[in-house]
Amino acid sequence: MVDVMRGDWLTTGPRVSEFEEAFAARVGAKYAVSFSSGTAALHGAAFAAGLGSGDEAITTPMTFAATANCVLYQGSKPVFADVSADTLNLDPDQVSSCITARTRAVLPVDYAGHPAEMDAMLELAERHGLTVIEDASHALGAEYRKRRTGSVAHMTVFSFHPVKHLATGEGGMVTTERADFAETLRCFRNHGISSDARQRQAEGQWHYEMVLLGFNYRLTDIACALGLSQLKKLDTNLSRRREIAARYAAAFGDLAGIALPEVRAEVNPAWHLYPVRLNLKSLSANRAQIFRALRAENIGVNVHYIPVHLHPYYRERFGYKGGEFPVAENAYERLISLPMFHGMSDQDVEDVIKAVRKVTSYFAR
Ligand SMILES: Cc1ncc(COP(=O)(O)O)c(C=O)c1O
């Protein structure tokens, strides 16, 4: 880190390709292209997939708005499809029914770190000539049918925001098997210029060409040095998150008031979030009251997510009124994310368990 600060580059220097190569190796992908955030990485992937005006891309309402916004950045239309009730990941049957002649891409999200149904998505893509962009912002380190997330979709997007498994402050990455996607992504994140400053210096020439309309979405050498050191801790962080999930599952198995997140047999989730769903029939309080009671117990609960189509921007622009995606909307009314981060001590975990048991028994019907 200090070496980078004292070095010549600060931005696109040697640590960038080192981090990209180490990251690609870790997730089992051929190429990894870094970006200044997960959102910028999503934008790059939407661009590389060729999304443009008049196109549509199908995604889930159960995500952070950035997943759908990247489609809008390209002048295309995000089309939402409902989720499966167990995982809250995109339901392939719903996706299938949304495909039109204008559909160009599908953006499944690995909600909470549980990989989406990728085989079904890839099969639909194959049949209809679509690009699959997996938003794996929650799922670094997850596995889908023994394949590492990052090596499955046509392009996979990761975020290195501080709450994620690997943090660089802000940062993101796209992984892919395809050389043409990797080249477009590298160009797009650098103003659309087809070579970088280091390459030009090495070749001793001043000439460069801007070949497409890109942005400055570069990740700095400083951030990449952080990324390299964080990558070494990934396995430890992942095991800690898996331990915490197992402890929660053991502690809450008997509680009628909450349903635990379900895990399908074919995946190994990365547990970015631990979202429980309240069984409102067994409780005399609604989600807001339970949420406030847990906050009053000093537990940092949250809600992931307000379905994207219900945000004012999407309501106003596309006329959503609520009721369009019943599985996602019903889940949203009942969701509470319990604290889940690798720095939690055993005592922190026991404090959460105690508070959840106290609050749900107080409101038990
Ligand atoms: C599912 C999902 N996609 C995209 C993003 C955007 O990533 P970033 O904050 O790195 O721009 C997030 C962010 O937290 C996210 O949770």
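The values are calculated or read from the model by the stated rules, or taken from the named source; none is laboratory data. Model, not experiment: these values are computed from the prediction. Positions of Cβ are backbone-derived with ideal geometry, glycine not excepted, and every protein chain shown enters the neighbour counts.
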Practice problem: Could you grab the pairs with beta carbons closer than 6 Å, sequence gap of 6+ or different chains, first residue in segment 62-73 and part of a loop (DSSP other than H, G, I, E, B), second one within 6 Å of the ligand (Cβ to nearest atom)? | Solution: THR63/VAL109
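For ALA355, indicate whether it is over 30 Å from PRO78 (Cα atoms), touching a residue at least 60 places away in the same chain (Cβ under 8 Å), outside any loop (DSSP other than H, G, I, E, B) and not hydroxyl-bearing (Ser, Thr, Tyr). Let's see the steps before the verdict.
Numbers: over 30 Å from PRO78 (Cα atoms): yes; touching a residue at least 60 places away in the same chain (Cβ under 8 Å): yes; outside any loop (DSSP other than H, G, I, E, B): yes; not hydroxyl-bearing (Ser, Thr, Tyr): yes.
Yes.
Scan ALA293, ALA285 and give me the residue that is farther than 22 Å from HIS114 by Cβ, away from the ligand (no atom under 16 Å from the Cβ), assigned to a loop (DSSP other than H, G, I, E, B) and of a type outside the set (Val, Ile, Thr).
Going through ALA293, ALA285 in turn, just one is farther than 22 Å from HIS114 by Cβ, away from the ligand (no atom under 16 Å from the Cβ), assigned to a loop (DSSP other than H, G, I, E, B) and of a type outside the set (Val, Ile, Thr): ALA285.
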Practice problem: Output the number of the condition that MET62 fails; it satisfies all remaining conditions of (1) crowded, with 20+ Cβ neighbours inside 10 Å; (2) of a type outside the set (Phe, Trp, Tyr); (3) at pLDDT below 95. | Solution: (3)
Quiz item: Which members of segment 33-48 meet the condition of being away from the ligand (no atom under 15 Å from the Cβ) and touching an Asp or Glu at 6+ places or on another chain (Cβ under 9 Å)?
Solution: ALA48
Exercise. Output yes when any residue across segment 328-337 is at pLDDT below 95 and under 24 Å from the mean Cα position of the chain (by Cα), and no when none is.
Key: no
Quiz item: What about ALA57, is it within 16 Å of the ligand (Cβ to nearest atom), within 30 Å of ASN302 (Cα to Cα) and out of contact with any helix residue (DSSP H, G or I) (no Cβ under 7 Å at 6 or more places or on another chain)?
Solution: no
Quiz item: Within segment 302-313, how many residues are part of a helix (DSSP H, G or I) and either of a type in the set (Val, Ile, Thr) or in contact with a Phe, Trp or Tyr (Cβ under 6 Å, 6 or more places away or on another chain) (or both)?
Solution: 2
Exercise. Would you please list the contacts, defined by Cβ atoms under 9 Å and residues six or more apart or on different chains, that run from a residue in segment 303-315 that is more than 19 Å from TYR111 (Cα to Cα) to a residue that is surrounded by fewer than 14 Cβ atoms within 10 Å (Cβ to Cβ)?
Key: ARG315/LYS321; ARG315/GLY322
Quiz prompt | Neighbours by Cβ (under 6 Å, 6+ apart or cross-chain): first from segment 176-187, more than 13 Å from GLU20 (Cβ to Cβ); second modelled with pLDDT of 95 or more and buried (at least 22 other Cβ atoms within 10 Å of the Cβ) | solution = PHE181/ALA48; PHE181/MET155; THR184/ALA48
Quiz item: In segment 16-32, how many are farther than 16 Å from GLY172 by Cβ and of a type in the set (Lys, Arg)?
Solution: 1
